[in-house]
Amino acid sequence: MKVLVVGGAGYIGSQMVKQLTHAGDSVVVLDNLSTGFRELARYCELVVGDLADPLLLERLFRKHDFDGVMHFAAHSLVGESMQDPGKYYRNNVSNTLNLLEAMVRHDVKYFIFSSTAATFGEPEYVPIDEVHSQRPINPYGASKLMVERMLQDFHTAHGLSSVSLRYFNACGADPEGEIGECHDPETHLIPLILQAASGRRKSITVFGRDYPTEDGTCIRDYIHIEDLCSAHAQALEALILGHKQGALAFNLGNGKGYSVQQVIEAVQLVVAEDGCNLMIEEGERRPGDPAKLVADASLAKRELGWQPQYADLETIVRHAWAWEKQRASLVK
Ligand code: UDP
């Protein structure tokens, strides 16, 4: 297969590229390097450019005969989306529309989209399945839901088949240690705890211990990036082989939630092996955080044959810690 991976120099996109190239697929990455890194896209051809540039897209689709497109390039910070919604609607919606229109012009029929659990909004029940109502409570979630909606219309009008994959909490790192998280600013729980353990950060703050959960901290469904990527590969294959068509959507998580406290304890066990420990501070609730978000991913398992390989929290933390140790030694 020849695949265009948009955002293939980022945290999850670069892991995807690695998986695809290892499986023998030919990959071209389009990335504006706004949050991605050139060295993470070293496994394939990298085109540095932006989806806002229709001429660049035209040249790219003329030059390559893509079998399918995977789209990872988006802004993804909930808080930032509340402050600057235009940034989110422009990049996540309008730029994605440019991409879809280029695909239609060049008769590329298969699209895999990075969507999010944030499209659901406040959970009405957990685990969250695909029939749960989608009422996003921030522009980030709304921007992703708008694309899901566009994909339905593009299927009806143009026969473009797509799979939207709604990630719960993406985490972990390349099991071989070549790829991992390096956001700036970092806002995610696991890398922040690991940075506190490696000494790159003073402490980790727990955002609230008064939630209606067993230990009072929020519960999330942490899903390894390698498992997210295998779902993308299986989804694209299902479309290309004609096993699936339409505008489909699947939730991706392990179906098991861990509290912030449990994640901290898992990290403490792993980093203690290297003689590291961490300082924990108590903070207020972070606005907009639901108490519990857990995926029901049984549909993806049934329909795509997907099976997470790294569901175990300790394994996730070990991979992320190996990556953090490399980063910390580079920065120090
Ligand atoms: N969290 C925390 N301290 C931090 C960062 C996150 O207690 O410094 C909590 C956050 O409130 C949430 C969970 O960790 O309950 C996961 O947050 P993250 O930002 O990693 O992902 P989200 O669930 O917001 O997508």
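The values are calculated or read from the model by the stated rules, or taken from the named source; none is laboratory data. Quantities reported herein were computed from a predicted structural model and do not represent experimental measurements. A quick note on method: Cβ atoms are made from the backbone with ideal geometry, for glycine too, and the neighbour counts reach across all protein chains shown. Heads up: the accessible areas ignore ligands, DNA and RNA and are worked out on the full protein's heavy atoms, side chains in. Shrake-Rupley method; radii C 1.70, N 1.55, O 1.52, S 1.80 Å.
The gain in end-to-end length when the CYS182 to ASP84 segment is fully stretched comes to 33.1 nm, 0.36 nm per residue minus the alpha carbon separation. What number, in percent, do you get for the relative contact order of the chain if the mean sequence gap of Cα pairs under 8 Å and at least 6 apart is divided by its residue count? Across the chain, relative contact order equals 18 percent. Exposure check, 1.4 Å probe, all protein chains in place: ARG201 carries approximately 90 Å² of accessible surface. In this rough spin-label picture, where each label sits 7 Å from Cα along the Cβ direction, the GLU39-ASP210 distance is 4.5 nm. For a modelled paramagnetic label at ARG285, 7 Å from Cα along Cα-to-Cβ, the residues of region 181-212 in reach, with backbone nitrogen under 15 Å, are 207-212. The apolar share of the surface of the chain, taken as the fraction of accessible area on carbon and sulfur atoms (1.4 Å probe, ligands and nucleic acids excluded), comes to 49 percent. Modelled spin-label separation between THR21 and ARG105, with each label point placed 7 Å from Cα along the Cα-to-Cβ direction: 2.8 nm.
The angle separating the long axis of helix 54-63 from the principal Cα axis of greatest extent in the chain is about 70 degrees. GNM remark for the chain: springs join alpha carbons under 10 Å apart, and the peak mean-square fluctuation among PRO54, PRO139, PRO212 falls on PRO212.
Each of HIS158 and VAL131 was given a label point 7 Å from its Cα along the Cα-to-Cβ line. The distance between the two points is 3.2 nm. Summarising the amide proton neighbourhood of ILE128: residues at separation of 5 or more, or on other chains, whose placed amide H is nearer than 5 Å comprise VAL294, ALA295, ASP296. Maximal additional length on extending the GLN307-SER94 stretch stands at 73.4 nm, based on 0.36 nm per residue less the C-alpha distance. Our coupling estimate for region 294-306, obtained by passing each phi through the Karplus curve with A = 6.51, B = -1.76, C = 1.60 and θ = phi - 60°, is 9, 8, 9, 9, 5, 5, 4, 5, 5, 7, 9, x, 6 Hz, Gly and Pro reported as x.
Distances between placed amide hydrogens fall under 5 Å for ALA170 paired with ILE223, all partners being 5 or more residues away or on another chain. For region 91-209, the relative contact order comes to 24 percent (Cα pairs under 8 Å, sequence separation of at least 6).
Kirkwood Rh over Cα pairs of region 227-332 into Stokes-Einstein at 25 °C, 0.890 mPa s: D in µm²/s?
Numbers: Rh = 16.8 Å.
The estimated diffusion coefficient comes to 146 µm²/s.
Remark: region 198-206, residue by residue, has Karplus-estimated 3J(HN,Hα) of 7, x, 6, 9, 5, 7, 10, 9, 7 Hz, where x stands for each Gly or Pro and the curve is 6.51 cos²θ - 1.76 cosθ + 1.60 at θ = phi - 60°. Over what distance in Å are the Cα centres of region 70-85 and region 109-184 separated? Going from one Cα centre to the other spans 12 Å. Across region 316-329, rounded Karplus estimates of 3J(HN,Hα) from the backbone phi angles (6.51 cos²θ - 1.76 cosθ + 1.60, θ = phi - 60°) give 4, 5, 4, 5, 5, 5, 4, 5, 5, 4, 4, 5, 5, 6 Hz, Gly and Pro being marked x.
If I take all pairs of Cα atoms in region 173-268, what percentage of them are more than 17 Å from each other? If you can, show how the numbers build up before the last one.
Working: 2916 of 4560 pairs.
Result for the distance tail: 64 percent.
Over 30 Å apart at the Cα level, from the set LYS18/LYS63; LYS202/LYS292; LYS144/LYS256; LYS63/LYS325; LYS63/LYS244, are LYS63/LYS325.
With the Cα gyration tensor of the chain in hand, give its eigenvalues times 5 under a square root as the equivalent ellipsoid semi-axes, listed largest first in whole angstrom. Display every interim value, and only then the final one.
Details: eigenvalues 203, 99, 68 Å².
Working from the Cα gyration tensor, I get semi-axes of 32, 22, 18 Å.
Ordering HIS132, HIS243 by accessible area with a probe of 1.4 Å, largest first, what comes out? Please report the intermediate quantities before stating the final value.
On the way: HIS132 5, HIS243 130 Å².
Most to least solvent-accessible, the answer reads HIS243, HIS132.
Within the same chain, aspartates and glutamates fewer than 8 places from LYS109 are excluded, and of the rest, those with a Cα less than 13 Å from its Cα are ASP65, ASP67, GLU101, GLU237. Heavy atoms of the protein chains alone define the surface here; on that basis region 12-131 has 45 Å² accessible area per residue at 1.4 Å probe size.
Toward the positive end of the charge dipole of region 78-152, with +1 on the Cβ of Lys and Arg and -1 on the Cβ of Asp and Glu, the farthest Cα among LEU99, SER115, SER133 is that of LEU99.
Helix 225-240 and the long axis of the chain differ in direction by around 20°, with both axes built from C-alpha atoms.
Solvent-accessible area per residue in region 135-250 equals 38 Å², computed with a 1.4 angstrom probe and all protein chains kept.
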